[in-house]
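Below is one structure, written out as structure tokens, with a few remarks after it.
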Amino acid sequence: MTMPAPGIKPDIAPPMLWICEHCDTVYHRRVLAWGEVARCARCDAILARHHALGVRGMLALVLTAMIAFLQANIWPIVTLGLNGQLISTTLWGCIVMMWREHSQVVAVIAACTLFFFPIGKMLLLGWVLLYARKGERAPGFRLAMVTLYHIGPWTMSEVFVLGTLVAIVKAHMYFEVIANPGIFAYGVLMLVITAFASIDVRGLWDLTRERGA
């Protein structure tokens, strides 16, 4: 771990410095080895990780996530059977059903965290990565990066998958339950999003430059 740079506390970290976002301690940057993680000596927060995945690799992950997301929202999630009758539904079918059953708050939260925030994150990340391949910053780069930082914790597809699996296990006591392709697509999406969680997109600030600069 590098030691704090004494007497230096700028508002924005230049390329040679790390600033801990939790306690504002400033460190001199250094190249991280394979699998190495830089932590703050004061509050133990993660400053940076070594990433073997480049810009093109991240863009490939985004495209994979978008394909899985499209399939997860088109295909039915689960089929319930009772007395010979089968009922299957998609994610939006569940959201519409909750809205009609006077659970509007839950329906809005589900729509935002399971659809609008994830698709917004993927589109924004894909937008900045398309230009980052050439080492340039996309139009609206600063706003896109700030938005990605704020909506990141609100993409909860992995929570939905785990909750659905628990619900399937419990519902199997009362209904005939058939897992449909949609839930498997969400499982793939969960794995891709987990891979995203280990990538610090703030590194794009250092890998890109202003267009025309």
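The values are calculated or read from the model by the stated rules, or taken from the named source; none is laboratory data. No experiment lies behind these values; they were computed from the predicted model shown. Here Cβ is always computed from backbone atoms with ideal geometry, including for glycine, and neighbour counts include all displayed protein chains. The accessibility values were calculated without ligands, DNA or RNA, using every heavy atom of the protein model including side chains. Shrake-Rupley method; radii C 1.70, N 1.55, O 1.52, S 1.80 Å.
Remarks
- Considered as a group, the residues in the stretch 67-95 that are open to solvent by 60 Å² or more (accessible area, probe 1.4 Å) and in a helix (DSSP H, G or I) include one that is farthest from ARG133 (Cα to Cα), and that residue is TRP92.
- Restricting attention to the stretch 156-192, the residues that are closer than 22 Å to VAL62 by Cβ, open to solvent by less than 40 Å² (accessible area, probe 1.4 Å) and at pLDDT below 75 total 2.
- Odd one out for ALA195, checked against (1) outside any helix (DSSP H, G or I); (2) open to solvent by less than 60 Å² (accessible area, probe 1.4 Å); (3) among the aliphatic types (A, V, I, L, M): (1)
- ALA111 of a type outside the set (Phe, Trp, Tyr) and touching a residue at least 40 places away in the same chain (Cβ under 8 Å): no
- Residue count for the stretch 128-153, restricted to those that are closer than 16 Å to ALA65 by Cα and open to solvent by 40 Å² or more (accessible area, probe 1.4 Å): 1
- Looking across the stretch 96-116 at every residue that is among the β-branched types (Val, Ile, Thr) and within 17 Å of VAL161 (Cβ to Cβ), the one that is surrounded by the most Cβ atoms within 10 Å (Cβ to Cβ) is identified as THR113.
- Whichever residue in the stretch 29-51 is closer than 13 Å to GLY203 by Cα and among the charged types (D, E, K, R) and, among such residues, is surrounded by the most Cβ atoms within 10 Å (Cβ to Cβ): ARG29
- The number of residues in the stretch 127-179 being more than 21 Å from the chain's Cα centre (by Cα), small (Gly, Ala, Ser) and within 23 Å of THR79 (Cβ to Cβ) comes to 3.
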